[in-house]
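The values are calculated or read from the model by the stated rules, or taken from the named source; none is laboratory data. Since we're looking at a predicted model, the values are computed, not measured. Note that each Cβ is placed from the backbone with ideal geometry, even for glycine, and that neighbours are counted across all protein chains shown.
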């Protein structure tokens, strides 16, 4: 006899921030009864969340008359809790479904969500039927949605027709959420016009459009300037003149959502793809080989350094290198683990690197890791952190670099005196780091999400800073002052509540149920892989390391002996599944699928805390929240 599975009523959607993309209307799950509802818990700083937005687009189109996707924006950073910032992000990333602004994480808590991104499926009768964390779930969702359509069509509980989405009025500015700016040899400017999916070639005044490179339609296409296509391009780098002459192009572009590196001949405007396949790199994919055969993951910036094109691979927390002469790609630095760990290039941890700059003498690569709000540098094959404390510590604070705080910086530039300018994006500020004194100061505030900064020559003022003021859709010039501003300082920690755990044994259990019609793929060895670590490392007495079992015993250090009561558990998991050839309706040629997620779980060690921590990678037929 089969025991009936428990049915869990989906909690109502609540959030102080209100609704976007609904024409001003507030909606409830009751309003959506009869539709399949897909809740996407996201935050706009998170590159993995941006990946999921793109994964969902084909499903939203395929099930347009039965599926309603609702983005539940659950902020990590203080800036992301501001309603205007959420409005801008929804426009920036072309989110074409309703979004609930939940700055206090009330709906996040009701659904027991532990990570960005998390997807929850609610059936037409208002019951939770699945929860999935991380990326790579599009196929599983497709199978589940198809089953729900058949089931509820038969029951008469599925209502077809339009959903509550109301599109916003399109923007008509010259630039739309520009990403990066590059000064060309003749003094003109090349700007990645990110939301216009093109490059804007501007006169030196930064306002006069000379031409566009790319036709403005999202896509991946090479050719002349008026037919080439990009998808949310960001970073730009100028190659050395001698090399450019040999290669036939002089600018390289990080074409972020295409997961590709593009090359532009400025003289003609022609575009070609020099690295990437157009598909996103996933764990287990090769990291080196012919440039057109190696997948990349959300390249956000590029720089010419160490005789190669270094790529900030924001999507997998790694630096890659492209050899344009040999036509190859290889890993340059990083393990793909997200965090703040210094050391030799292969062993360092990065966290969504989003900005690169090279020192005048070419010996140092400066970079900003947005998710750890950190300024770091690569020199002599070593990675060091100059500003930054970790994944959940950020703020606006000047002074000694050991105490200074940033908030999700996206850009970095080298000033004429060798000091470093930082586009401190979520603080709306430009900061300055002096490598000699190790002091941090503030050059400007009140900017709208500055995403890049570079130095240009100004006839009246000499050198000035050219700031890409992304959320204001413009370039802004700021004088280089002898006396920088000084901020009193504010420190923050992520508002996400920590998990209370007990000292001693902690049973970590990652839950993974293969999607319906699939089974674990163990043809080439174990189908699952788990990596566990902690920040600080002393938080874990034992259990750190990697293995294939998704349930592992950890031992948490006693604060009485270490003095540590708080920290972060880092859990990275991937699981492989394949279509089951014996399942009803199985395809003739079974496909295989990879599911992966990285969790950074804030914990606090308290008497009476939990002794078990369960994380859901993929769970169907959810019995409890």
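Overview of values
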| read-out | value |
| --- | --- |
| Residue match in region 326-343 (condition: surrounded by 24 or more Cβ atoms within 10 Å (Cβ to Cβ) and more than 19 Å from the chain's Cα centre (by Cα)) | yes |
| Evaluation of residue 368 against (1) part of a strand (DSSP E or B); (2) surrounded by fewer than 24 Cβ atoms within 10 Å (Cβ to Cβ) (one fails), failing number | (2) |
| Residue check for residue 391: assigned by TED's automatic domain parsing to the domain that holds residue 428, surrounded by 20 or more Cβ atoms within 10 Å (Cβ to Cβ) and either out of contact with any strand residue (DSSP E or B) (no Cβ under 8 Å at 6 or more places or on another chain) or not in a loop (DSSP other than H, G, I, E, B) (or both) | no |
| Any hit, region 338-348, residues being within 23 Å of residue 573 (Cβ to Cβ) and part of a strand (DSSP E or B) | yes |
| Hits in region 429-446 - residues which are in contact (Cβ under 8 Å) with a residue 40 or more places away in the chain and at positive phi | 438 |
| Residue 440 being more than 23 Å from the chain's Cα centre (by Cα) and crowded, with 22+ Cβ neighbours inside 10 Å | yes |
| Cross-chain or 6+ apart pairs with Cβ under 7 Å, region 31-59 first and touching a residue at least 24 places away in the same chain (Cβ under 8 Å) and on the phi > 0 side of the Ramachandran plot, then assigned to a loop (DSSP other than H, G, I, E, B) and surrounded by fewer than 20 Cβ atoms within 10 Å (Cβ to Cβ) | 34/157; 34/159 |
| Lone unmet requirement of (1) in the same structural domain as residue 242 (by TED's automatic domain parsing); (2) out of contact with any helix residue (DSSP H, G or I) (no Cβ under 7 Å at 6 or more places or on another chain); (3) not in a strand (DSSP E or B) for residue 315 | (2) |
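Residue-wise test of (1) modelled with pLDDT under 95; (2) out of contact with any helix residue (DSSP H, G or I) (no Cβ under 9 Å at 6 or more places or on another chain); (3) in the same structural domain as residue 599 (by TED's automatic domain parsing).
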{"position": "438", "(1), (2), (3)": "no, yes, no"}
{"position": "508", "(1), (2), (3)": "yes, yes, yes"}
{"position": "517", "(1), (2), (3)": "yes, no, yes"}
{"position": "529", "(1), (2), (3)": "yes, yes, yes"}
